[in-house]
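A.B. asks: My questions will all concern the structure given below.
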Amino acid sequence: MPPALETRGLTKSYGSLIALAPLDLELEAGVVLGFLGPNGAGKTTLIRMVSTILRPTEGSFSVAGVPDDQPQEIRRRIGALPESAGYPDAQTGEEFLRYHARLYGQSGRAARATARTLLEEVGLAERSGSLVSAYSRGMRQRLGIARTLVNDPQVVFLDEPTLGLDPAGQRQVVGLVGRIARERGATVVLSTHLLAEVEEVCDRVLILHHGRVVANGTVAEVAERAAAPRRVRIRVPAELRDRAVAALADADIDADGRPDEIELTIPSGVLREAASGDALRKLLAADVPVLGLELERGRLSDAFLEMTEAG
Amino acid sequence: MTQQELRDLWFGGRALPLMLAFSVLVSVMTYLVATNRALNFLEQREAVNLTLQIAVAVGSLIVLLGSGDALSGERERGTLESLLLTPASRRALVVGKGLAALSLWLAAFAISIPYVWFMGRGIGLVGVALVGGFVVGSLLALFLAGLGLLISALAGSNRFSLSLGLFALFALFAPTQLPTAAQQGWAGDLLLRIDPFTSGLHYLGKLLVDAHTAGQDVSWLISPVVAAVLAPAAAIAVADRISIRPGERP
């Protein structure tokens with residue numbers, strides 16, 4: 001199966017301003033990619049290029065195995081929800097979806113069936129006959145996501161789909177993104193500022209900063225790269241705590257915590273597994289029984305801030 | 001694409017108010033023309049010509065309003081990007097919107113028929129007037145649909161697109177307001193012939209007022225025909241350049 005998305009030296013610049021530095025990327029099919037970066041990092045530019053809306057300055061790309069010199073074929077295989085997409089107020093939700101289904105070549109009957117199925121899927125079936133102007137922002141976003149699915153796409157690009165939504169609306173949209181990936185098997189590229197939703201639904205993360213990739217990997221890998229302090233909590237018998245702290249201090253490991261617990265701070269650049277292993281060996285050597293151990297995961301938000309705040 | 005654009009235009013609320021305004025305007029103008037005719041200020045042929053010219057001019061203006069809003073309006077409402085994301089080509093988008101805008105002219109012409117019949121009945125002029133009006137009006141409507149789409153495709157905002165379109169239209173109408181002396185001589189004649197509007201309306205005048213045959217002054221249709229071909233062709237040619245601008249957000 002060809003990669004869902006492949007870019008080779010993909011670049012976009014406006015005069016001397018580089019919106020996206022040469023990007024080499026390969027995204028396997030069926031993955032949910034969290035696409036992160038501060039405003040102006042180049043996320044929308046990249047999505048617009050690979051969805052054939054913007055021409056790259058240099059480089060090439062393919063989507064679902066279709067090269068960039070066949071933009072119409074690419075558009076047949078993708079669904080894309082632009083950031084702050086507009087909607088025709090005078091159409092109903094069903095008319096809007098039917099119209100787009102027709103633009104993908106579906107017959108009137110098929111387009112009607114597609115529209116009804118999708119409205120059901122995004123939870124708007126009861127409002128299918130209402131004018132879009134009467135929809136809330138969250139409903140419009142769900143309608144927009146439904147629109148991206150009218151052609152049963154292989155790759156879905158969602159540019160800030162939760163922008164401006166209240167927490168309940170954000171939950172609905174995030175749930176929908178997860179379902180698209182699980183039930184349809186589509187590859188999803190989700191551009192967002194909500195790191196919690198990325199951790200929840202994404203398999204991989206790509207962080208852009210000033211048009212350059214500063215991180216690319218699984219959520220755990222990227223989070224692990226954060227220099228922010230992470231912690232390991234080790235439970236020991238309260239009466240042996242002082243001995244445990246002394247044993248760790250001999251090994252230059254700073255320890256803190258409650259009377260029956262030692263909390264280790266792992267320095268940046270050190271894997272938490274390695275640090276906790278060292279600590280365990282020191283404790284066992286000092287005859288301190290270990291009653292429990294809890295590794296605190298690195299947080300994506302720490303990684304994101306660290307990688308995007310510098311410069 | 002065309003079907004949906006027609007639906008949007010006619011059921012979306014823009015076309016019907018325009019047609020209502022057109023009907024009121026043509027009614028008022030026909031009433032004034034008929035009054036002048038009753039007072040013998042106008043010959044009947046002149047009255048028919050005047051009524052038809054008003055219908056053609058205002059009908060074309062409506063086409064310009066429809067096409068001028070077509071793409072810049074989508075851009076402003078934030079719906080252009082969603083359209084560009086579909087496999088429909090940009091040319092199909094432009095053609096669909098152009099045909100929808102032309103439907104405004106057809107409706108305006110249909111509304112004008114009873115007025116032309118009322119003014120021209122009894123002197124065997126109704127048929128000629130309707131055929132001539134339809135031909136000239138369609139050429140001008142094609143020209144203005146193309147012009148409106150061209151401006152709309154390149155404009156950054158709806159306001160700019162409509163303002164520029166109206167400015168262009170008034171500039172095209174301007175020669176009709178020149179004093180008779182300025183319309184004479186080779187320069188005046190050239191000005192009238194180059195401008196598709198003055199040229200087309202002049203042809204109608206020859207046909208209806210001077211009772212010339214259709215082929216007698218056909219050279220006056222060169223400019224409207226050329227404009228009716230070039231403007232839509234230019235609009236289709238720039239269709240591939242329709243894109244979302246850097247940093248553009250709805």
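A.B. asks: Among residues belonging to segment A:33-64 that are touching a helix residue (DSSP H, G or I) at 6+ places or on another chain (Cβ under 6 Å) and among the small types (Gly, Ala, Ser), point out the one that is farthest from the other protein chains (Cβ to nearest Cβ).
C.D. replies: A:GLY34
A.B. asks: While we're on this one: Between a residue in segment B:194-209 that is among the basic types (Lys, Arg) and any residue that is part of a helix (DSSP H, G or I), which pairs come within a Cβ distance under 9 Å, given they are 6 or more apart or on different chains?
C.D. replies: B:LYS206/B:TRP220
A.B. asks: I'd like the full set of residues that are among the charged types (D, E, K, R) and either within 18 Å of B:LEU52 (Cα to Cα) or at pLDDT 85 or above (or both), limited to segment B:167-218. Steps first, answer last, please.
C.D. replies: Start the filter on segment B:167-218 by keeping residues that are among the charged types (D, E, K, R), which leaves B:189, B:193, B:195, B:206, B:210, B:217.
Within segment B:167-218, B:ARG193, B:ASP195, B:LYS206, B:ASP210, B:ASP217 meet the criteria.
A.B. asks: Touching a helix residue (DSSP H, G or I) at 6+ places or on another chain (Cβ under 7 Å), part of a helix (DSSP H, G or I), surrounded by fewer than 22 Cβ atoms within 10 Å (Cβ to Cβ) and away from chain A (no Cβ under 14 Å): does that describe B:SER103? Steps first, please.
C.D. replies: Working: touching a helix residue (DSSP H, G or I) at 6+ places or on another chain (Cβ under 7 Å): yes; part of a helix (DSSP H, G or I): yes; surrounded by fewer than 22 Cβ atoms within 10 Å (Cβ to Cβ): yes; away from chain A (no Cβ under 14 Å): yes.
Considered against the rule, which asks whether it is touching a helix residue (DSSP H, G or I) at 6+ places or on another chain (Cβ under 7 Å), part of a helix (DSSP H, G or I), surrounded by fewer than 22 Cβ atoms within 10 Å (Cβ to Cβ) and away from chain A (no Cβ under 14 Å), B:SER103 comes out as yes.
A.B. asks: Also: What is the one condition in (1) crowded, with 16+ Cβ neighbours inside 10 Å; (2) over 23 Å from B:LEU221 (Cβ atoms); (3) not β-branched (Val, Ile, Thr) that B:LEU191 does not satisfy?
C.D. replies: (2)
A.B. asks: Give the residue, chosen from B:GLY146, B:GLY120, that is farther than 15 Å from B:ALA100 by Cα and either in contact with a helix residue (DSSP H, G or I) (Cβ under 7 Å, 6 or more places away or on another chain) or at pLDDT below 90 (or both).
C.D. replies: Working: B:GLY146 fails: farther than 15 Å from B:ALA100 by Cα.
Going through B:GLY146, B:GLY120 in turn, just one is farther than 15 Å from B:ALA100 by Cα and either in contact with a helix residue (DSSP H, G or I) (Cβ under 7 Å, 6 or more places away or on another chain) or at pLDDT below 90 (or both): B:GLY120.
A.B. asks: Please work out which one of (1) buried (at least 18 other Cβ atoms within 10 Å of the Cβ); (2) within 14 Å of chain A (Cβ to nearest Cβ); (3) more than 19 Å from B:LEU169 (Cα to Cα); (4) not β-branched (Val, Ile, Thr) is the condition B:SER89 fails and give its number.
C.D. replies: It is condition (1) that B:SER89 fails.
A.B. asks: Quick one: is B:SER112 polar (S, T, N, Q) and buried (at least 23 other Cβ atoms within 10 Å of the Cβ)? Outline the logic, then answer.
C.D. replies: Values: polar (S, T, N, Q): yes; buried (at least 23 other Cβ atoms within 10 Å of the Cβ): yes.
The answer is yes for B:SER112.
A.B. asks: Still on this structure, please answer the following. Please list, ordered by first then second residue, the pairs with beta carbon atoms under 9 Å, 6 or more apart or interchain, first in segment B:50-66 and in contact (Cβ under 8 Å) with a residue 60 or more places away in the chain, second among the basic types (Lys, Arg).
C.D. replies: If the second residue must be among the basic types (Lys, Arg), the pairs left are B:LEU65/B:ARG14; B:GLY66/B:ARG14; B:GLY66/B:LYS97.
A.B. asks: For segment B:133-150, how many residues are among the β-branched types (Val, Ile, Thr) and more than 10 Å from the chain's Cα centre (by Cα)?
C.D. replies: Looking only at segment B:133-150, we keep the residues that are among the β-branched types (Val, Ile, Thr), and these are B:135-136.
Going one step further and asking which of them are more than 10 Å from the chain's Cα centre (by Cα), we end up with B:135.
Residues flagged as among the β-branched types (Val, Ile, Thr) and more than 10 Å from the chain's Cα centre (by Cα) within segment B:133-150 amount to 1.
A.B. asks: May I pose another question? Would you mention how many residues in segment A:146-161 are in contact with a Gly (Cβ under 6 Å, 6 or more places away or on another chain) and more than 12 Å from chain B (Cβ to nearest Cβ)?
C.D. replies: Restricting attention to segment A:146-161, the residues satisfying the condition of being in contact with a Gly (Cβ under 6 Å, 6 or more places away or on another chain) are A:148-149, A:153, A:156.
Next, only the ones that are more than 12 Å from chain B (Cβ to nearest Cβ) stay: A:149.
Looking only at that region, the number is 1.
A.B. asks: Among residues belonging to segment B:43-86 that are part of a loop (DSSP other than H, G, I, E, B) and modelled with pLDDT under 90, point out the one that is surrounded by the fewest Cβ atoms within 10 Å (Cβ to Cβ).
C.D. replies: We begin by selecting, within segment B:43-86, every residue part of a loop (DSSP other than H, G, I, E, B); these are B:43, B:69, B:78-79, B:85-86.
If we keep only those that are modelled with pLDDT under 90 as well, we get B:43, B:69, B:78-79.
Values: B:GLU43: 12, B:ASP69: 22, B:GLY78: 17, B:THR79: 18.
Looking at residues that are part of a loop (DSSP other than H, G, I, E, B) and modelled with pLDDT under 90, I get B:GLU43.
A.B. asks: Taking B:ALA110 as the residue in question, decide whether it is in a helix (DSSP H, G or I), at pLDDT below 90 and away from chain A (no Cβ under 14 Å). Step through it out loud before you land on a result.
C.D. replies: Numbers: in a helix (DSSP H, G or I): yes; at pLDDT below 90: no; away from chain A (no Cβ under 14 Å): yes.
When the stated conditions are applied, B:ALA110 does not pass them.
A.B. asks: Oh, and also: Filtering segment B:118-132 down to residues that are assigned to a helix (DSSP H, G or I) and surrounded by fewer than 16 Cβ atoms within 10 Å (Cβ to Cβ), which residue is farthest from the chain's Cα centre (by Cα)? Talk me through it step by step, then tell me what you get.
C.D. replies: First, the residues of segment B:118-132 that are assigned to a helix (DSSP H, G or I): B:118-120, B:126-132.
Retained after the next criterion (residues that are surrounded by fewer than 16 Cβ atoms within 10 Å (Cβ to Cβ)): B:118, B:127, B:131.
On the way: B:PHE118: 23, B:GLY127: 21, B:VAL131: 16 Å.
Only one residue fits best here, namely B:PHE118.
A.B. asks: Could you identify the single residue in B:ALA15, B:ALA38 that is of a type in the set (Gly, Ala, Ser) and either in contact (Cβ under 8 Å) with a residue 12 or more places away in the chain or under 30 Å from A:GLN70 (Cβ atoms) (or both)?
C.D. replies: On the way: B:ALA38 fails: either in contact (Cβ under 8 Å) with a residue 12 or more places away in the chain or under 30 Å from A:GLN70 (Cβ atoms) (or both).
Only one candidate qualifies: B:ALA15.
A.B. asks: With the checklist (1) touching a strand residue (DSSP E or B) at 6+ places or on another chain (Cβ under 7 Å); (2) touching a residue at least 60 places away in the same chain (Cβ under 8 Å); (3) within 14 Å of chain B (Cβ to nearest Cβ) in hand, flag the one item A:ARG76 doesn't pass.
C.D. replies: The one condition A:ARG76 does not meet is (1).
A.B. asks: Now for a separate question. Considering only segment A:279-298, state which residues are at pLDDT 70 or above and within 30 Å of A:GLU200 (Cβ to Cβ).
C.D. replies: Within segment A:279-298, the first condition is being at pLDDT 70 or above, and the residues that meet it are A:279-295.
Those that are at pLDDT 70 or above and within 30 Å of A:GLU200 (Cβ to Cβ): A:GLY292, A:LEU293, A:GLU294, A:LEU295.
A.B. asks: Out of all the residues in segment B:144-153, is one or more over 18 Å from B:ALA227 (Cβ atoms) and crowded, with 20+ Cβ neighbours inside 10 Å? Working first, answer last.
C.D. replies: We begin by selecting, within segment B:144-153, every residue over 18 Å from B:ALA227 (Cβ atoms); these are none.
No: zero hits.
A.B. asks: Scan segment A:151-169 and give yes if some residue there is buried (at least 20 other Cβ atoms within 10 Å of the Cβ), at pLDDT below 85 and under 26 Å from A:ARG48 (Cβ atoms), otherwise no.
C.D. replies: Going residue by residue through segment A:151-169, those that are buried (at least 20 other Cβ atoms within 10 Å of the Cβ) are A:151, A:153-162, A:165.
Those still in the list that are at pLDDT below 85 too: A:165.
Add one more test, that the residue is under 26 Å from A:ARG48 (Cβ atoms), and what stays is A:165.
Yes - at least one qualifying residue is present in segment A:151-169.
A.B. asks: Taking segment A:92-131 as the search range and keeping residues that are within 14 Å of another protein chain (Cβ to nearest Cβ) and loosely packed, with under 15 Cβ neighbours inside 10 Å, which one is nearest to the chain's Cα centre (by Cα)?
C.D. replies: A:GLY105
A.B. asks: Hey, among the residues in segment B:9-66 that are aromatic (Phe, Trp, Tyr) and under 30 Å from A:TYR87 (Cα atoms), which one's nearest to the other protein chains (Cβ to nearest Cβ)? Walk me through how you get there before you give the answer.
C.D. replies: Start the filter on segment B:9-66 by keeping residues that are aromatic (Phe, Trp, Tyr), which leaves B:10-11, B:22, B:31, B:41.
Checking which are under 30 Å from A:TYR87 (Cα atoms) leaves us with B:10-11, B:22.
Values: B:TRP10: 11, B:PHE11: 7, B:PHE22: 21 Å.
Checked segment B:9-66; the qualifying residue nearest to the other protein chains (Cβ to nearest Cβ) is B:PHE11.
The values are calculated or read from the model by the stated rules, or taken from the named source; none is laboratory data. On a predicted model such as this, the values are computed, not experimentally measured, just so you know. So basically every Cβ, Gly included, is an ideal-geometry build from the backbone, and we count neighbours across all protein chains shown.
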